[in-house]
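The values are calculated or read from the model by the stated rules, or taken from the named source; none is laboratory data. If you're wondering where the values come from, they're calculated on a predicted model, not measured in any experiment. Cβ: placed from backbone, ideal geometry, glycine included. Neighbour counts: every protein chain shown. Surface areas here come from the heavy atoms of the whole protein model, side chains and all, with no ligands, DNA or RNA. Shrake-Rupley method; radii C 1.70, N 1.55, O 1.52, S 1.80 Å.
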Amino acid sequence: MKFQPAASHFIDGAYVEDTNGAPIDVIYPATGEVIARLHSATPEIVNKALISAKSAQAEWAALSGTERGRVLRRAADIMRERNRELSILETHDTGKPLQETLVADATSGADALEYFGGLAASLTGEHIPLGGGDFVYTIREALGVCVGIGAWNYPTQIACWKGAPALACGNTMVFKPSEATPLSALQVAEILIEAGAPKGVYNVIQGYGDVGASLVTDPRVAKVSLTGSVPTGRKVYAAAADGVKHVTMELGGKSPMIVFEDADIENAVSGAILGNFYSSGQVCSNGTRVFVQKCIKEAFLNRLSERLATAKIGDPLDEEVNFGPLVSENQMNIALGYIEKGKAEGARLVYGGNRIEGDGFFMQPTVFADVTDDMTIAREEIFGPVMSVLDFDTEEEVLTRANNTEFGLAAGVFTNDLTRAHRIVAGFEAGTCYINTYNLAPVEAPFGGSKMSGVGRENSKLAINHFSEMKSVYVSMNDVEAPY
Ligand code: NDP
């Protein structure tokens, strides 16, 4: 097997195996070939990982922020040095083209490690003066053992987006990747050790949803950060509530992108391509409901079709290729099923619509026009390369329709009218908004969703508040007054 790691799990600074766990075959989505065989964590492995994380935490938190930050920044450097090797692994794990993984996976993981490594030394409490010389000071404390549970679309990035702020604050982590893409988180764990992280600070265990569930309910766990679908988010949030644990929920979306008649059409088409077909459409914040003002609809669709015809679909390891397979046969079949629903419910297929025959899980980028708000393809998250184009007449109408969804992850507007752009963004019910661009997620900016799309924010300084808590200390400089 081409990408067989030393063992399935990485616990207490070393690879660990337990072949009693259910087998997990890792499949290269471009060929269907099995590239590694791992095992799901048994209860003994879950316990071992939690013991390791728990026993490492106090010592890690006792280091200065500068020392913790140094480890994270070294890890960022190692990731960048190994970017090509890590990108090749990520391409095999996910099927995403190397052209993408070289710039969007280990590199964005490294950005998170560098950013939170840089912040670690500046994390402090504050001094709050009170009357009569009394004062309060606050101590920013780590939460303890944090659990990270990841989706399969950005496995390296998710492992770092959760691990970096957790570790910067003095927590330790047990991370469970999606069973569909289990390989790269192991590399993140190895790199952290190489960068000087004490053993037990960042552990990785494999498994299906049941392993995630057993982590979430364990009383040793203080915080759960999940990237996944809304149905999984509901379950994990409910399970965490039982232990009143901290949570961050990065869930799914059905985000709107609005294109007004005064927009730069070329840029709007670029935004729609990025927001629907990057990573073969498997991006949570995708703008899959593209509202186009009626008078420019045909011009928009024509230009979109022309540009899609130039997409290079094929071997993801060929750096010229910019559109790869979906992550699994199952995910491809889900997306193809939605295409059938779109046709059956009367949407007009203007581009693509078919599977590309072969051993891999390839399908064409697909565009439907004349989509109406009540159609299934306009309401449900597809998580594949299927764009719905909807018409609109007025600003007021489109904003109401854009917000008419249970999701609230992202939203975008293309217009050259400055005041309209800000008016629309102010009205969007979404956590991550874009004006004249789409789907950028720099580590410096908060990322996350409103409504059913999530709780909390990743990245930026805000993530620190989700991985630490404040202890208030009241200091009296006076005698204690008691009533009797
Ligand atoms: P899932 O919700 O199916 O799974 C997410 C993770 O949770 C997986 O590791 C899964 O394990 C695990 N899991 C499943 N059930 C449970 C449970 N009961 N308790 C604990 N853990 C559990 O999502 P996908 O992996 O299919 O990813 C796609 C989804 O993720 C989409 O909805 C997408 O929008 C969302 N997403 C959100 C992002 C964001 O930042 N907002 C970014 C990327 C994706 P296993 O896979 O082994 O079953």
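Summed over segment 296-308, the residues that are without any contact (Cβ under 8 Å) to a residue 60 or more places away in the chain and either within 13 Å of the ligand (Cβ to nearest atom) or under 30 Å from the mean Cα position of the chain (by Cα) (or both) give a count of 2.
Considering only residues in segment 106-136 that are out of contact with any Leu (no Cβ under 7 Å at 6 or more places or on another chain), over 22 Å from Thr66 (Cα atoms) and outside any helix (DSSP H, G or I), the one that is least open to solvent (accessible area, probe 1.4 Å) turns out to be Asp134. If you check Leu326 against the conditions, is it closer than 26 Å to Val103 by Cβ and within 16 Å of the ligand (Cβ to nearest atom)? Yes; evaluated as a whole, the condition is true for this residue. Checked against (1) within 16 Å of the ligand (Cβ to nearest atom); (2) touching a strand residue (DSSP E or B) at 6+ places or on another chain (Cβ under 6 Å); (3) in a loop (DSSP other than H, G, I, E, B), Ala311 passes all but a single condition, namely (1). Ser460 meets the conditions (1) surrounded by 22 or more Cβ atoms within 10 Å (Cβ to Cβ); (2) within 26 Å of the chain's Cα centre (by Cα) in every case but one. The failed one is (1). Please work out if Ser229 is under 16 Å from the mean Cα position of the chain (by Cα) and open to solvent by 10 Å² or more (accessible area, probe 1.4 Å). Spelling it out, Ser229 is indeed under 16 Å from the mean Cα position of the chain (by Cα) and open to solvent by 10 Å² or more (accessible area, probe 1.4 Å).
Confirm whether Lys254 is free of Cβ contacts under 8 Å to residues at least 60 places away in the same chain and either among the basic types (Lys, Arg) or over 19 Å from Val350 (Cβ atoms) (or both). For Lys254, the condition - free of Cβ contacts under 8 Å to residues at least 60 places away in the same chain and either among the basic types (Lys, Arg) or over 19 Å from Val350 (Cβ atoms) (or both) - is not met. For the structure I just gave you, tell me whether Leu409 is without any contact (Cβ under 8 Å) to a residue 12 or more places away in the chain, of a type outside the set (Phe, Trp, Tyr) and closer than 26 Å to Gly228 by Cα. So Leu409 fails the test.
Considering segment 203-212, the residues that are outside any loop (DSSP other than H, G, I, E, B) and open to solvent by 10 Å² or more (accessible area, probe 1.4 Å) include one that is modelled with the highest pLDDT, namely Asp210. The numbered conditions (1) open to solvent by less than 50 Å² (accessible area, probe 1.4 Å); (2) within 27 Å of Ile35 (Cβ to Cβ); (3) in contact with a strand residue (DSSP E or B) (Cβ under 9 Å, 6 or more places away or on another chain); (4) more than 8 Å from the ligand (Cβ to nearest atom) are all true for Glu190 except (1).
Only one of the numbered conditions (1) surrounded by fewer than 23 Cβ atoms within 10 Å (Cβ to Cβ); (2) touching a strand residue (DSSP E or B) at 6+ places or on another chain (Cβ under 6 Å); (3) among the β-branched types (Val, Ile, Thr); (4) within 29 Å of Gly196 (Cβ to Cβ) is not met by Thr19, and that is (4).
For the residues Ile149, Ile139, the requirement of being open to solvent by less than 20 Å² (accessible area, probe 1.4 Å) and not basic (Lys, Arg) singles out Ile149.
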